[in-house]
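Peer 1: A single structure is presented below for examination.
The values are calculated or read from the model by the stated rules, or taken from the named source; none is laboratory data. From a predicted model like this one, the values you see are computed outputs, not experimental measurements. Glycine gets a Cβ as well: all are built from the backbone with ideal geometry, and neighbour counts include every protein chain shown.
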4 protein chains.
Amino acid sequence: MNFRSDNCYGVAPEIADAVWAANQGTDSSYGDDRITARLKARFSEIFDHEVYVYPVISGTAANALALATLVPPHGAILCHAGSHIAVDECGAVELFTHGAKLVGLEGANGKLAPAIVETALARFEKGSVHHPQPSAISIIQATEVGSIYHRGEIAALSGVARANGMKLHMDGARFANALATLGCAPAEITWRAGVDVLSFGATKNGAMGAEAVVFFAKGDVRDFDYRRKKSGHLMSKMRFVSAQLEAYLDDGLWLKLASRANAIAAQLAEGLAGVDGANLAHPVEANEVLVHLPDETAARLRKAGAVFYDWEPPRAGRTLIRLVTSFATPAQDVANFIRIAKG
Amino acid sequence: MNFRSDNCYGVAPEIADAVWAANQGTDSSYGDDRITARLKARFSEIFDHEVYVYPVISGTAANALALATLVPPHGAILCHAGSHIAVDECGAVELFTHGAKLVGLEGANGKLAPAIVETALARFEKGSVHHPQPSAISIIQATEVGSIYHRGEIAALSGVARANGMKLHMDGARFANALATLGCAPAEITWRAGVDVLSFGATKNGAMGAEAVVFFAKGDVRDFDYRRKKSGHLMSKMRFVSAQLEAYLDDGLWLKLASRANAIAAQLAEGLAGVDGANLAHPVEANEVLVHLPDETAARLRKAGAVFYDWEPPRAGRTLIRLVTSFATPAQDVANFIRIAKG
Amino acid sequence: MNFRSDNCYGVAPEIADAVWAANQGTDSSYGDDRITARLKARFSEIFDHEVYVYPVISGTAANALALATLVPPHGAILCHAGSHIAVDECGAVELFTHGAKLVGLEGANGKLAPAIVETALARFEKGSVHHPQPSAISIIQATEVGSIYHRGEIAALSGVARANGMKLHMDGARFANALATLGCAPAEITWRAGVDVLSFGATKNGAMGAEAVVFFAKGDVRDFDYRRKKSGHLMSKMRFVSAQLEAYLDDGLWLKLASRANAIAAQLAEGLAGVDGANLAHPVEANEVLVHLPDETAARLRKAGAVFYDWEPPRAGRTLIRLVTSFATPAQDVANFIRIAKG
Amino acid sequence: MNFRSDNCYGVAPEIADAVWAANQGTDSSYGDDRITARLKARFSEIFDHEVYVYPVISGTAANALALATLVPPHGAILCHAGSHIAVDECGAVELFTHGAKLVGLEGANGKLAPAIVETALARFEKGSVHHPQPSAISIIQATEVGSIYHRGEIAALSGVARANGMKLHMDGARFANALATLGCAPAEITWRAGVDVLSFGATKNGAMGAEAVVFFAKGDVRDFDYRRKKSGHLMSKMRFVSAQLEAYLDDGLWLKLASRANAIAAQLAEGLAGVDGANLAHPVEANEVLVHLPDETAARLRKAGAVFYDWEPPRAGRTLIRLVTSFATPAQDVANFIRIAKG
């Protein structure tokens, strides 16, 4: 009963096969290979737009490199105070941007909204050298608490970004999970809604270690290539990363995997509705369930072998825990979890 | 009627004289001179404690170098969201710490309090490589809005810092103004209250360009010397900076200057009480007055030659403005300002 | 006939099998898995010493993180002017060390020697804040030009390092190739010869993307863990990297692969002895052959499908080219290459 | 007999007077004052070209900020291996450029020449992400060893810079000394010879603490303003720095001061010609004399109160020492020094 992270699960068989198929003969290194060359067309097709795609091996690298490319050292990035870049990446963005400022904002269900951003902007005078200059908004899709941004919400934030000369970045570590729920075209919640750069995640959803930074305009790419190399993120045998991404997109695999993870999460949420003292903290819209449980229930589950994170310290006999599902989470694990939770 | 900043005023005559007295013969450069050598003893006497003193020429340098010395790149610094290091130094701390995270927190009257800090700490798990590690609390004395921290408030924050393995930094750009109001010994609101390092300001209060980083324990100094040099802040003719600091402390000059600035601010606050529609936004405890004024009153004052900053954008016919007084602000300016404000 | 780089070849079957074997069930993420846990013991056995092992996915990351851990921002690193960290990593070390200085020195056959280092040290006064402080020597084994350091040479450099308070780093991107030639125990050319930290390469020699930073003393590890995370180099599904390293070391695979690559290079060197106008530029001691060829010979080879790098711009009708062999280079390619070179 | 550094001397009276004259009334802070506003026109007149002038308080700041503005993090800067930015600024350029690479080159009399630069360029392939990209040449005028670049030498280096897409930076900490010797217009050895940015020094030549970064094209200024602030180098009471620069340029003061320092150095060199065992190491073209002295002569001088630096460690009974003269060095000191040296 592993609900700790989607990262605890392995590699989808289709992706594994593609990696192995790539292990033939020789090819150029450092991304000049034939598989990487095909990615641009593949992603452009998926996003119905000419895109610029750069594989890396971690979400932290994708986020930090994408933002460093768009934000100057004297810039500021507005994000949710609980977002991954703010609290879970050890300050990678501050390092890679050479000291740009992350402004952490509070917002319901792990999300930003235009009014929240506008209030924060009042503290930073445009063009004044004293103030870090707001240069980007960064949102996360799906959020850290399992909610998702709808198209209109993204477009509204993009409107604030554009009106203030900022770029919009989307941390899509669980992009497929959000998309599977929304059921729309990838373009609808990215460039058509004003997203400038996307950290496109695959690792959590069945890849071995493969993410892609996707720019939607050539002018935004700037010196990304140098930044990736200078930070040690240009893989010499890149083809094995690119092969993962290619297989991930092939024949809708990424959405099948995400849909399965989402469905398991929905079952978990449904089951928890019948558990005494269990209260969902946020809407369950992707593959994460944040739920308040009585401490004794949580203890009983752990004793029975369930693994999961406490999301907040215990308070008044209850703890907010996080349950994450994956493409490979056994359905039986959900049934067992709920049975034990019911005591 | 210049109330824009204490930085708009010049150099106190006693300090000017000392700089000129230093212009005799030769001396060693880069801080190895005789005047700089005397500072340690002088500051140690003032603080009733052996201290380690490093002159620099700007408050931004003092804050960023002090914090970079105490906080690792993977660290986090908790401060008020409106503090000078957070919004007025263009991200200098993020640069000098090589990407440590500033966590901006809200708090009444520009101040932090233990509960605010403790809530924020919950987001950063100690010892987890994923989370920036809270390494320092930074407070500002007097605050950006003219309030001051009392000894007990500082000690309480220091308690939280120590309980969590963090250091306590005080941005004392207006330290003399706070001290003049409190009327206590410098030690009482610094090391005796748990402050580890102080950015000791003199520029705003009558120096030409002189601040000092004051460490209260030798072990905290670490590689400060290299950091100051590497950032271009080791003055070759340091003696002229040190001479300012020496004169500033001599015969209580610093407190006389600050007391005068504070008295002018108090007169301003008192006068504003009689102005229609004027409402003080914060207690006036040092040399800054933040007051909501009707927009027509503000416009009338500006037309008559008064200069001051809008602190927030206008809203509903009123604007929050900031008035700063200095050791050299003419008393007549206050009288004129109030007279014009009354219309 | 691909002699461009060992990176152009794929993954050794034994390593591929190990990765797939790791794709079972769930395990903890971010290096807390069972395979990664076994690496410490395995490497300690190989090196006959308790070591501290940190997998990463690129040699650039290994070098930059290792050096940043041992060298302060105000430090200097002495290395060969043509070394990988100096010219082939886009300044990653300068970035990760937050601005430490690389001092590039010339030396025969791509190697440093004590006298070269000592001459350079004279420019940097110990303890003076003006001078970057020499903090590490970095050598590369095998070198960029295919030569290797013998045990005595390493020990001599280590002696200079220790006498001057510096650490000794070894970039072992082709460590196995050097070791295969030397035929000694890994300990002999690392910690017993005074090496403090080793970038242990596997990617070029048959892994998919797996390197390890190996510290030989616990005290040197310092904040490495945070640095790896902050730079985006902590893989979430680390077990798939660790599995590569484990298989690489198993049953002497690493040395078998390296020996084969070295043997191919030796055949190439031997064949070139019979080619008109061909002159080896350096001793061929590992899997690289640097040879001056008449431009017409090089052109004929390229026309016939051989791929390789020009190492220097053409001069006087001849060009210095680099030929790299791998564990998987077909013997037939060597025969063909020599045949065509002979014209 | 202080020949240790021109920094050991104080402030020229004309400059002191100007600082004091600036201490009247109020003015805007952070460089928005009236004196700073006049600098642009003044410098443009001096350089016979529209220039963009930014005062700072140290040469290290001027150099590091100028280069960081023109060189990206993935860039490389070619300079003499013994230049101030390479060995005397604790790696400030590496910090401020966020990890650009300094490539230190050897050259006679502390100078670079086109062939030296071109040889170095061969190691860095243009447009390859693996190689730091050569982005600037930095020369120093006068050099660290007291020689100067003539117009043609500068133009030749500028030619190499332009042909390779690089900028040319001049560290003019002792620019006035070089100019006084050359007797040409400032334009001749700066923009007319292809210099893009000049660190214009005044501190060593009679100011208290005042340097200026001078750009010769608006497009090169880029984000300099933010970089100066973010590094703590934007003085709040800037007018007192600008007043120094204004007085320095007024009525040819800068050249008078430099000429006097140069003349003293020439007397020193002349006198040393008559000292047994004294050999000048470099031509004396500005205000520095590097001379090999027998160790017993150096000891005798020190015993008699002379202060100066050893430039290299003693070897074979002799030491290379550096003697620096200033606008205020008493002529009598030279006579005494030579008398004692003669024994």
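Peer 1: Which of the residues spanning segment B:77-116 are of a type in the set (Gly, Ala, Ser), under 23 Å from D:LEU95 (Cα atoms) and not in a loop (DSSP other than H, G, I, E, B)?
Peer 2: B:ALA86, B:ALA92, listed by residue number.
Peer 1: Looking at segment A:14-48 only, could you name the residues that are under 19 Å from A:PHE240 (Cβ atoms), within 22 Å of the chain's Cα centre (by Cα) and without any contact (Cβ under 8 Å) to a residue 24 or more places away in the chain?
Peer 2: Across segment A:14-48, the qualifying residue is only A:LYS40.
Peer 1: For residues in segment A:129-145 being without any contact (Cβ under 8 Å) to a residue 60 or more places away in the chain and touching a helix residue (DSSP H, G or I) at 6+ places or on another chain (Cβ under 7 Å), which is surrounded by the fewest Cβ atoms within 10 Å (Cβ to Cβ)?
Peer 2: This residue is A:HIS130.
Peer 1: Related question: Only one of these conditions is not met by A:ALA298: (1) touching a strand residue (DSSP E or B) at 6+ places or on another chain (Cβ under 7 Å); (2) within 26 Å of A:ALA258 (Cβ to Cβ); (3) of a type in the set (A, V, I, L, M, F, W, C). Which number is it?
Peer 2: (2)
Peer 1: Can you name the number of the only condition in (1) surrounded by fewer than 24 Cβ atoms within 10 Å (Cβ to Cβ); (2) within 30 Å of A:LEU67 (Cα to Cα); (3) out of contact with any strand residue (DSSP E or B) (no Cβ under 7 Å at 6 or more places or on another chain) that C:VAL221 fails?
Peer 2: (3)
Peer 1: Also, quick follow-up: Hey, any hits in segment B:154-177 for a residue that's under 21 Å from B:ALA207 (Cβ atoms), modelled with pLDDT of 95 or more and among the β-branched types (Val, Ile, Thr)?
Peer 2: No, segment B:154-177 contains no residue that is under 21 Å from B:ALA207 (Cβ atoms), modelled with pLDDT of 95 or more and among the β-branched types (Val, Ile, Thr).
Peer 1: C:SER158 fails exactly one of the following numbered conditions: (1) among the polar types (S, T, N, Q); (2) assigned to a strand (DSSP E or B); (3) without any contact (Cβ under 8 Å) to a residue 40 or more places away in the chain. What is the number of that condition?
Peer 2: All conditions pass for C:SER158, except number (2).
Peer 1: Still on this structure, I have one more. Filter segment B:288-319 down to the residues that are more than 22 Å from B:ALA178 (Cβ to Cβ) and in contact with a Phe, Trp or Tyr (Cβ under 9 Å, 6 or more places away or on another chain), then identify the one that is surrounded by the most Cβ atoms within 10 Å (Cβ to Cβ).
Peer 2: Looking at residues that are more than 22 Å from B:ALA178 (Cβ to Cβ) and in contact with a Phe, Trp or Tyr (Cβ under 9 Å, 6 or more places away or on another chain), I get B:LEU301.
Peer 1: If you go through segment D:97-128 one residue at a time, how many are within 8 Å of chain C (Cβ to nearest Cβ), touching a residue at least 24 places away in the same chain (Cβ under 8 Å) and of a type in the set (A, V, I, L, M, F, W, C)?
Peer 2: Adding up the residues that qualify gives 4.
Peer 1: For segment B:79-92, how many residues are facing chain A (nearest Cβ under 8 Å) and not small (Gly, Ala, Ser)?
Peer 2: Count: 4.
Peer 1: Still on this structure: Can you pull out every residue in segment C:310-332 that is out of contact with any helix residue (DSSP H, G or I) (no Cβ under 8 Å at 6 or more places or on another chain), outside any loop (DSSP other than H, G, I, E, B) and under 19 Å from C:GLN267 (Cα atoms)?
Peer 2: Of everything in segment C:310-332, those that are out of contact with any helix residue (DSSP H, G or I) (no Cβ under 8 Å at 6 or more places or on another chain), outside any loop (DSSP other than H, G, I, E, B) and under 19 Å from C:GLN267 (Cα atoms) turn out to be C:LEU320, C:ARG322, C:GLN332.
Peer 1: Please specify each residue of segment D:106-128 satisfying the condition of being of a type in the set (Lys, Arg) and out of contact with any helix residue (DSSP H, G or I) (no Cβ under 9 Å at 6 or more places or on another chain).
Peer 2: D:LYS126
Peer 1: Please enumerate the residues belonging to segment A:44-76 that are within 7 Å of another protein chain (Cβ to nearest Cβ) and outside any helix (DSSP H, G or I).
Peer 2: The answer is A:ILE57, A:SER58, A:PRO72, A:PRO73, A:HIS74.
Peer 1: For segment A:139-151, indicate whether the set of residues that are more than 14 Å from every other protein chain (Cβ to nearest Cβ), farther than 30 Å from C:TYR30 by Cα and of a type in the set (A, V, I, L, M) is non-empty.
Peer 2: Within segment A:139-151 (the criterion being more than 14 Å from every other protein chain (Cβ to nearest Cβ), farther than 30 Å from C:TYR30 by Cα and of a type in the set (A, V, I, L, M)), the answer is no, since none of the residues qualifies.
Peer 1: Just for segment A:227-283: of the residues that are within 14 Å of chain C (Cβ to nearest Cβ) and touching a strand residue (DSSP E or B) at 6+ places or on another chain (Cβ under 8 Å), which one is farthest from C:SER58 (Cα to Cα)?
Peer 2: Only one residue fits best here, namely A:SER242.
Peer 1: Okay, next question. If C:ALA202 passes every condition in (1) crowded, with 20+ Cβ neighbours inside 10 Å; (2) more than 17 Å from C:LYS111 (Cα to Cα); (3) more than 13 Å from chain A (Cβ to nearest Cβ) but one, which one does it miss?
Peer 2: (3)
Peer 1: Of everything in segment D:1-32 that's assigned to a helix (DSSP H, G or I) and within 7 Å of another protein chain (Cβ to nearest Cβ), which residue is nearest to D:ILE57 (Cα to Cα)?
Peer 2: D:ASN7
Peer 1: For segment A:243-280: of the residues being surrounded by fewer than 18 Cβ atoms within 10 Å (Cβ to Cβ) and part of a loop (DSSP other than H, G, I, E, B), which is nearest to the chain's Cα centre (by Cα)?
Peer 2: Once the filter is applied, the top-ranked residue is A:ALA273.
Peer 1: Among the numbered conditions (1) more than 14 Å from the chain's Cα centre (by Cα); (2) more than 26 Å from B:MET208 (Cβ to Cβ); (3) within 14 Å of chain B (Cβ to nearest Cβ), tell me where D:LYS167 comes up short.
Peer 2: Every condition holds for D:LYS167 apart from (3).
Peer 1: Taking the stated definitions as given, is D:ILE35 surrounded by 18 or more Cβ atoms within 10 Å (Cβ to Cβ), under 13 Å from B:ASN23 (Cβ atoms), among the hydrophobic types (A, V, I, L, M, F, W, C) and touching a Phe, Trp or Tyr at 6+ places or on another chain (Cβ under 9 Å)?
Peer 2: No: the conditions fail for D:ILE35.
Peer 1: Applying the selection to segment C:129-138, what residues are more than 9 Å from every other protein chain (Cβ to nearest Cβ) and hydrophobic (A, V, I, L, M, F, W, C)?
Peer 2: Passing the criteria: C:ALA136, C:ILE137.
Peer 1: Right, something else. Name the residues in segment D:282-341 that are within 23 Å of C:PHE124 (Cβ to Cβ), among the acidic types (Asp, Glu) and under 27 Å from the mean Cα position of the chain (by Cα), would you?
Peer 2: D:GLU288, D:ASP310, D:GLU312
Peer 1: Pick from D:ALA328, D:ALA299, D:ALA306: which is farther than 27 Å from D:SER83 by Cα and not hydroxyl-bearing (Ser, Thr, Tyr)?
Peer 2: D:ALA299
Peer 1: Test each condition in (1) among the hydrophobic types (A, V, I, L, M, F, W, C); (2) touching a residue at least 60 places away in the same chain (Cβ under 8 Å); (3) under 20 Å from C:ALA41 (Cβ atoms); (4) away from chain A (no Cβ under 14 Å) for C:PHE175 and report the one that comes out false.
Peer 2: (2) is the only condition that C:PHE175 fails.
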